Amino acid sequence: MNFRRLIISVTLAWLTVFVFLPHLLLVGTSVMTPNPDHLVVWPVTLDSFEKVFTPLYFSVFWHSLELAAIATVICLMLAYPFAWILSTFNSRTQALLLFLLILPFWTNSLIRTYAIKILLGKKGLVNATMINLGIIDEPIQLLYTEFAVIFGLVYLLLPFMVLPLYSSFDKMDKSLLEAGRDLGAGTVQRFRHIILPLTMPGIVSGSLIVFLPAMGMFYIADLLGGAKNLLLGNVVKNLFLVARDWPMGAAFSVIMMLMMALMLLLYVQANRLVSRKGGLHDSNL
Amino acid sequence: MIAISNLMGPSKEGKGSARWAKAGQWLFLGAIFFYLYAPIAVLVVNSFNQSKYGHNWKGFTWKWYEKLLNNQNLMDAFWHSIAIGLLAATFATLLGTLMAYALYRYNFTLKRVTSGMLFVVMMSPDIVLAITFLVIFMALGIHLGFWSLLIAHITFCLPFVVITVYARLNDFDGNLIEAARDLGASEARTFFTVVMPMSMPAIVSGWLLSFTLSLDDVIVSSFVTGPSYEILPIRVFSMVRVGVSPEVNALATGLLILSVVLVVVAQLILRKGKSQ
């Protein structure tokens, strides 16, 4: 077999067996009937999708969406100015700061979640500092609250929001700002009509990389939120590994896949808008 | 707002306000980095702290490192994670480089589907990927343990290697490949003697990125692991879920040092590559 055929067939074989088929199977699983002994059995049914909308499941699903949305918005509010400032530095400083942003990833994210648990504890650094500063008299309950979960989500996901935003700012043609100024646009106008539209692909792709994964990070809810099913990830993990209701778990995953598709569509739209306004032609993913 | 307006370009106000704006920017960056590093710093400090709960400093000690080295289960899990990381990064880099070259050089049916699948892997939330892996391993009868972990880690690292290497291939002169072909080199020989050396910086970055992703992963590993091959996140999870384990602090410090060493070595390799 020649080289060309070899590498093309290896590529297709690997992706078919470990990406395409698994996704197909997942969709298949979601429409099967659950069975405690054989995981899934015939007949095909949409029961699992109907169950998603029963109050029990839907309240968890909705609440998980809310937490993930809050975490995404906070990430965006921190990462946007961060990426912007970063893009104004010289390239050496930029490289160094980006490196510092990625360095914490080398310690496993579970260990970093544990670090947050220590930090937010009754006698942890945050409570101790606030008592020393006289802001509070008694340690307050930070751990095992939704605040802790959001704190942890933002902590782990912030770099993922910075990177696409940084790439948008980096590609932005700075002369457009000067042109805007010369034409008499004020600070707010330049932001609204030039910077915001040009960085929209970064905003959308950053949110995409943060929002859906945030819903799945069960270990954050387990360690920082107490033993409550706060995130969709906890529910899915339980359905697969404890309750063994695979179709139900698969149904939630399919819904997440659909949400991802929807957000990707949004991303394509945002990119198209930017290309039409000029400046950017390639996607930054 | 001063900081923001300064980003918009030179301000009409005097130099003083520009200096203030610059200071404000650094303050903001500093605050973010403080947020990112303070929790890790607390772990590192506590790994040398006599006090088990680390609420205050009770003197320097190595005892948590001793405990870590004597905790056979934890050390096993640590080496397993390193092994999976090294193997997954290496295979993902190998496979990913070939895929990037295939996408760059050849036209074939399903080419769009190929990049589409890589894109799906890159964008899918970990929890969805984890479940797709679990489902396929069950369907194929692959025992959950070493092989399932390795295959899953290789697969989720792949797209990152492909985009890194592909970007590099796109940057260099395609005529070099044609020249090698004209001079009689086979496709395979061209790949190994021209393409690979030229894309080495991207290959190294792809490897490092894969190793990072593999070491950082919790979600996929939780789903495709088995009792026969326990890796770090699973072990650590059971340790820290209920209480405090200072050995984990020592472990985290060890991982950080390892990573800094690895990055420095990689930088040296890359710099050497550039100077040639």
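The values are calculated or read from the model by the stated rules, or taken from the named source; none is laboratory data. Keep in mind that what you see is a predicted model, and the values were worked out from it rather than measured. Neighbour counts run over all protein chains shown; Cβ positions are idealised from the backbone, glycine included.
Summary table
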item: Residues of the stretch A:1-29 classified as more than 7 Å from every other protein chain (Cβ to nearest Cβ) and either under 14 Å from B:LYS111 (Cβ atoms) or over 25 Å from the mean Cα position of the chain (by Cα) (or both), total; result: 8
item: Residues satisfying the stated conditions in the stretch A:102-140, i.e. more than 11 Å from chain B (Cβ to nearest Cβ) and either surrounded by 22 or more Cβ atoms within 10 Å (Cβ to Cβ) or among the acidic types (Asp, Glu) (or both); result: A:ASP137, A:GLU138
item: Residues satisfying the stated conditions in the stretch A:256-273, i.e. of a type in the set (A, V, I, L, M) and more than 10 Å from every other protein chain (Cβ to nearest Cβ); result: A:LEU258, A:LEU262, A:LEU265, A:LEU266, A:VAL268, A:ALA270, A:LEU273
item: Set B:LEU232, B:LEU251, B:LEU258: member being under 15 Å from B:SER81 (Cα atoms), facing chain A (nearest Cβ under 8 Å), out of contact with any Lys or Arg (no Cβ under 9 Å at 6 or more places or on another chain) and free of Cβ contacts under 8 Å to residues at least 24 places away in the same chain; result: B:LEU258
item: Residue count for the stretch B:56-80, restricted to those that are away from chain A (no Cβ under 14 Å), more than 24 Å from the chain's Cα centre (by Cα), surrounded by 12 or more Cβ atoms within 10 Å (Cβ to Cβ) and part of a helix (DSSP H, G or I); result: 5
item: Of all residues making up the stretch B:216-231, the number that are in a loop (DSSP other than H, G, I, E, B) and of a type outside the set (S, T, N, Q); result: 5
item: Count of residues meeting criterion [more than 7 Å from every other protein chain (Cβ to nearest Cβ), closer than 28 Å to B:SER214 by Cα and not hydroxyl-bearing (Ser, Thr, Tyr)] in the stretch A:78-91; result: 3
item: Selection count where residues are modelled with pLDDT of 70 or more and either in a helix (DSSP H, G or I) or in contact with a helix residue (DSSP H, G or I) (Cβ under 6 Å, 6 or more places away or on another chain) (or both), scope the stretch B:1-51; result: 32
item: Those residues of the stretch B:91-135 which are polar (S, T, N, Q), buried (at least 22 other Cβ atoms within 10 Å of the Cβ) and outside any helix (DSSP H, G or I), in sequence order; result: B:SER124
item: Yes/no for A:TYR57 being under 26 Å from the mean Cα position of the chain (by Cα) and within 11 Å of another protein chain (Cβ to nearest Cβ); result: no
item: Unmet requirement for A:LEU96, which otherwise passes all of (1) surrounded by fewer than 22 Cβ atoms within 10 Å (Cβ to Cβ); (2) at pLDDT below 85; result: (2)
item: Tabulated pairs, the stretch A:221-237, first on the phi > 0 side of the Ramachandran plot, second of a type in the set (Ser, Thr, Tyr) and surrounded by fewer than 21 Cβ atoms within 10 Å (Cβ to Cβ), C-beta under 8 angstrom, 6+ apart or interchain; result: A:GLY226/A:TYR144
item: Entirely in the stretch A:40-157, the helices (runs of 4 or more DSSP H) that have 2 or more residues that are under 24 Å from B:ILE234 (Cβ atoms); result: A:109-120
item: Of all residues in the stretch B:21-55 being over 25 Å from the mean Cα position of the chain (by Cα), closer than 21 Å to A:LEU97 by Cβ and among the aromatic types (Phe, Trp, Tyr), the one that is surrounded by the most Cβ atoms within 10 Å (Cβ to Cβ); result: B:PHE28
item: All positions within the stretch A:47-102 that are of a type in the set (Asp, Glu) and under 20 Å from A:LEU208 (Cβ atoms); result: A:GLU66
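Okay, residues lined up against (1) farther than 11 Å from B:HIS153 by Cβ; (2) without any contact (Cβ under 8 Å) to a residue 40 or more places away in the chain:
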position	(1), (2)
B:LYS63	yes, yes
B:ASN70	yes, yes
B:PHE78	yes, no
B:SER81	no, no
B:ILE84	no, no
B:ALA92	no, no
B:MET99	yes, no
